[in-house]
Amino acid sequence: MEYMDEQILALMNSLKQEKLSVSVKDWSTISLQTLIHLNGETVSLTERILLNERISMTMPKTFKKMEEEDALLKYPSCHRPGLIFTNNTGTTNLTFNHTSSELSESEMEPFKNEMVNILKNTEKLMEWYGDGIINIKNQLAGYCEFITPTLSTPLYNLACFVTLEERALIITFSCMEEEVKLWRPIAKGMMGSLEIQANREGELI
């Protein structure tokens, strides 16, 4: 009976999310301040041009590309993201993975739903914040956000799915759960700043 109750609850949650996803929110309207305050420090934001000048995104200027040896330890899987940014302590990360999976905007909702199913079936999730379809600079994107356990501290994850050159680009932000109230609105603003084939005026990475 307990198992059945869990299945019914999961189905109700799934139906609830499907209804929510009908309303497409525009994350590109989320404003990011030029300066943000993080743990008592003032940090400036900068626009960076990434992935061979195919996209741009605004992020804290203190974010640096993760060293390869650190990436091997933190992401030991063969599915390691191609580009990883991290803060000075390595506790807050922003990853970019341009996959081989074909994806068009018309396929965004089923792709997002499949990613959600994969996460719920393969990851040890502590809490599911939600998922849906959003608008970023007049482009449809999927997202999901959730908490996962680690050996040290639970992590907040915000994953965003967009199409780049007809393939899925997965961008994931993560931070410690204890900092989620601080980072969550900033992370959504960062995702909302994403621009495909942007102008070339930012900092080239």
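The values are calculated or read from the model by the stated rules, or taken from the named source; none is laboratory data. Since the model is a prediction, treat every value here as computed from it, not as a measurement. All Cβ positions, even for glycine, are placed from backbone atoms using ideal geometry, and neighbour counts span all protein chains on display.
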**OP:** Determine whether region 74-82 contains at least one residue that is more than 19 Å from the chain's Cα centre (by Cα) and at pLDDT 80 or above.
**Re:** no
**OP:** Answer yes if at least one residue in region 115-125 is among the basic types (Lys, Arg), at pLDDT 95 or above and either over 19 Å from residue 91 (Cα atoms) or in contact with a strand residue (DSSP E or B) (Cβ under 6 Å, 6 or more places away or on another chain) (or both), and no otherwise.
**Re:** no
Subject >> Selection status of residue 163, in a strand (DSSP E or B), in contact with a Gly (Cβ under 9 Å, 6 or more places away or on another chain) and not basic (Lys, Arg) >> reply: no
Original post:
What is the number of the single condition among (1) of a type in the set (S, T, N, Q); (2) surrounded by 16 or more Cβ atoms within 10 Å (Cβ to Cβ); (3) modelled with pLDDT under 90 that residue 174 does not meet?
Top reply: (3)
